[in-house]
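Asker: One structure, pasted below without further comment.
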Amino acid sequence: MFKPGDGDRPLKVLHVDDDPMNLRVVQEILGAFGHQAVMACSGKDALERLSTEAFDLMLLDIHMPGMTGIEVIERLRAAPGPERTTPVIALTADVYSRRPAEYLA
């Protein structure tokens with residue numbers, strides 16, 4: 001699990017987004033800094049990955065079809081196991097419809 005100050009090791013980051021271009025861009029950026037990006041294109045894919053793999057961090061799109069990022073977080077936090085405490089950074093291009101505090105989980 002990632003802890004503040006662990007800057008000496010690469011992170012394994014789960015990036016969840018329904019936009020393939022966003023997935024590719026983040027994968028390139030994280031790779032350039034020596035981190036591993038694992039991509040998931042839906043909330044269902046993300047939860048399946050989290051049930052079998054450990055991640056240091058999850059980058060999660062809030063607005064996805066099928067299962068929103070908020071639903072992914074709620075299901076993750078309610079699930080048993082150590083992955084339920086994986087830190088999440090929520091991403092959204094929708095900055096006007098909600099205040100940031102409404103996304104805190």
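The values are calculated or read from the model by the stated rules, or taken from the named source; none is laboratory data. Quantities reported herein were computed from a predicted structural model and do not represent experimental measurements. Cβ coordinates were reconstructed from backbone atoms using ideal geometry, including for glycine residues, and neighbour counts include every protein chain displayed.
Asker: Applying the selection to region 83-105, what residues are modelled with pLDDT of 60 or more, part of a helix (DSSP H, G or I) and exposed (fewer than 12 other Cβ atoms within 10 Å of the Cβ)?
Answerer: Listed by number, the list holds a single entry, Thr85.
Asker: Restricting to region 50-83, what's the tally of residues that are touching an Asp or Glu at 6+ places or on another chain (Cβ under 6 Å) and among the hydrophobic types (A, V, I, L, M, F, W, C)?
Answerer: The number of residues fulfilling the criteria is 2.
Asker: Would you please list the contacts, defined by Cβ atoms under 6 Å and residues six or more apart or on different chains, that run from a residue in region 1-26 that is farther than 11 Å from Ser42 by Cα and at pLDDT 95 or above to a residue that is among the hydrophobic types (A, V, I, L, M, F, W, C) and part of a helix (DSSP H, G or I)?
Answerer: Val13/Leu30
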